[in-house]
Amino acid sequence: MATNATERTYATGKKKNAVARVYMSKGTGKITINKETIDDYLRRPVLKMIVLQPLKLVEMEGQFDFYINTVGGGLAGQAGAIKHGISKALQIFNPELRGKLKAAGFLTRDSRIVERKKYGQSGARKKFQFSKR
């Protein structure tokens, strides 16, 4: 989570079980996710919109290139993790953006994860069918 000599900012975003490592550098707005373009990786327009929300909020679309590695969860969770990571990277790059990003809720991690299955039950909360006789 620091800026190194090549002006590349790194941040980690998380949502549910998804984790995204976001590398941000000055550029032309190219976003690469798991070695694919954003259009190839996130085919649903809603997911692309979620990923680009922090950039639109701070009016910096097309100013940075992003190289992103993401693992875990599904596509929606990964999109949320990428949004969280981009927000954190923008905040590290320019601390003055923190107020806007925090007010929009982009710096808050979504900590929901799957509840574990308990013994004596068929699932996390579901019980086996009760039979009186």
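None of the figures in this text is laboratory data; all of them are computed from the coordinates on show. The structure displayed is predicted, hence computed values, not measured ones. Don't worry about glycine lacking a Cβ; one is built from the backbone with ideal geometry, like all the others, and counts go over all protein chains shown.
Would you mind telling me which residue in Gly99, Gly72, Gly123 has the biggest mean-square fluctuation in a Gaussian network model of the chain, where springs connect alpha carbons within a distance under 10 angstrom? Of Gly99, Gly72, Gly123, the Gaussian network model singles out Gly123 as fluctuating most. Remark: spin-label model distance Glu36-Phe130 equals 4.7 nm, labels positioned 7 Å along the Cα→Cβ axis.
In debye, nearest 20, what is the charge dipole magnitude of the chain about its Cα centre with +1 on Lys and Arg Cβ and -1 on Asp and Glu Cβ, if you could check?
1320
Estimated from helices alone, the mean residue ellipticity of the chain at 222 nm is -9500 deg cm²/dmol (sum of -39500 (n - 2.57) over DSSP H runs with n ≥ 4, per residue).
Assuming 1.567 mPa s and 4 °C, estimate D for the chain with Stokes-Einstein, Rh taken as the Kirkwood radius over Cα pairs, in µm²/s. Intermediate values should be presented prior to the final figure.
Details: Rh = 16.0 Å.
In µm²/s, the coefficient rounds to 81.
For the residue pairs Lys48/Lys117; Lys26/Lys83; Lys14/Lys48; Lys16/Lys126; Lys30/Lys102; Lys16/Lys127, alpha carbon separations beyond 27 Å are given by Lys48/Lys117.
If you take every residue apart from Lys118 with its C-beta less than 11 Å away from the C-beta of Lys118, what net charge results, scoring Lys and Arg +1 and Asp and Glu -1? Spell out each step's value before the answer.
On the way: positive: Arg116, Lys117, Arg125, Lys126, Lys127; negative: Glu115.
Around Lys118, the surrounding residues sum to +4.
Beta bridges from DSSP with both residues in the chain: antiparallel share about 85 percent, rounded to the nearest 5.
Of Val19, Val46, Val114, the residue with the greatest mean-square motion in the GNM of the chain, using alpha carbon springs below 10 Å, is Val114.
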